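Can you keep this structure in mind? I'll have questions shortly.
The values are calculated or read from the model by the stated rules, or taken from the named source; none is laboratory data. Worth saying up front: this structure is predicted, and the values here are computed from it rather than measured. Here the Cβ is made from the backbone with ideal geometry for all residues, glycine too, and neighbour counts use every protein chain on show.
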């Protein structure tokens, strides 16, 4: 992850790097920059071919989503973690400064998801007996040991704020 061009700290840094590759006329390097940072090759091609020099390669939200995409693919996120990742992606469009925090160097999806798991574990509860009696995937002698927990949406937003920075 981020092996060739390094990890960018902001969407502005990505734009400067993309503009430099475009100015050099190096489409292949621009494509490599795009893919390494979670963008599509087609985005690089469109930017390279554009004559509108006022349009940046990306904005804050798109840069955050692209970073999440890279990390999600590397982690092979699925099931509950995919749902949590998608929630983070949606929050990037409605939570003020969050995309800037997501894009910051050193911030990792794995750490955020671990914080959510920790919060769920700390708040885990034993389901009522009426529910446990209906559980079929766990042998009956172990059902009383089942505990489950997931932080509420509000708690997850607080974790986003704590980890990625101020969420407005």
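Within the group 12, 41, 61, 7, which residue is over 30 Å from residue 152 (Cβ atoms) and crowded, with 17+ Cβ neighbours inside 10 Å? If you could, list the steps in order and put the result at the bottom.
Numbers: 12 fails: crowded, with 17+ Cβ neighbours inside 10 Å; 41 fails: crowded, with 17+ Cβ neighbours inside 10 Å; 61 fails: over 30 Å from residue 152 (Cβ atoms).
None of the other options fit; the residue is 7.
Residues checked against (1) surrounded by 17 or more Cβ atoms within 10 Å (Cβ to Cβ); (2) in the same structural domain as residue 157 (by TED's automatic domain parsing); (3) more than 16 Å from the chain's Cα centre (by Cα):
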| position | (1), (2), (3) |
| --- | --- |
| 52 | no, no, yes |
| 68 | yes, yes, no |
| 94 | no, yes, no |
| 106 | no, yes, no |
| 144 | no, yes, yes |
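For the stretch 121-144, which residues satisfy the criterion of being in contact (Cβ under 8 Å) with a residue 12 or more places away in the chain, assigned to a helix (DSSP H, G or I) and more than 30 Å from residue 105 (Cα to Cα)?
Filtering the stretch 121-144 for residues in contact (Cβ under 8 Å) with a residue 12 or more places away in the chain gives 121-127, 132, 144.
Adding the requirement that they be assigned to a helix (DSSP H, G or I) leaves 121-122, 132, 144.
Result: 132, 144.
Could you tell me which of the residues 161, 105 is at negative phi and outside any helix (DSSP H, G or I)? First the steps, then the outcome.
Details: 161 fails: outside any helix (DSSP H, G or I).
Checking each option against the conditions leaves just 105.
Which one of these is in contact with a helix residue (DSSP H, G or I) (Cβ under 9 Å, 6 or more places away or on another chain), assigned to a helix (DSSP H, G or I) and modelled with pLDDT of 95 or more: 8, 47, 57? Break it down into steps so the answer makes sense when it comes.
Details: 8 fails: assigned to a helix (DSSP H, G or I); 57 fails: assigned to a helix (DSSP H, G or I).
Step by step, each of 8, 47, 57 is checked, and only 47 is in contact with a helix residue (DSSP H, G or I) (Cβ under 9 Å, 6 or more places away or on another chain), assigned to a helix (DSSP H, G or I) and modelled with pLDDT of 95 or more.
Restrict the check to the stretch 22-44 and report whether at least one residue is touching a helix residue (DSSP H, G or I) at 6+ places or on another chain (Cβ under 7 Å), free of Cβ contacts under 8 Å to residues at least 60 places away in the same chain and more than 22 Å from residue 3 (Cβ to Cβ).
no
Return the residues of the stretch 19-44 that are over 25 Å from residue 106 (Cβ atoms), more than 24 Å from the chain's Cα centre (by Cα) and assigned to a helix (DSSP H, G or I); say none if nothing qualifies.
Listed by number, the residues that qualify are 22, 23, 24, 27, 28.
Going by the structure shown, is residue 84 in the same structural domain as residue 110 (by TED's automatic domain parsing), buried (at least 18 other Cβ atoms within 10 Å of the Cβ) and touching a helix residue (DSSP H, G or I) at 6+ places or on another chain (Cβ under 9 Å)? Don't jump to the end; show me each part of the working.
On the way: in the same structural domain as residue 110 (by TED's automatic domain parsing): yes; buried (at least 18 other Cβ atoms within 10 Å of the Cβ): yes; touching a helix residue (DSSP H, G or I) at 6+ places or on another chain (Cβ under 9 Å): yes.
For residue 84, the condition - in the same structural domain as residue 110 (by TED's automatic domain parsing), buried (at least 18 other Cβ atoms within 10 Å of the Cβ) and touching a helix residue (DSSP H, G or I) at 6+ places or on another chain (Cβ under 9 Å) - is met.
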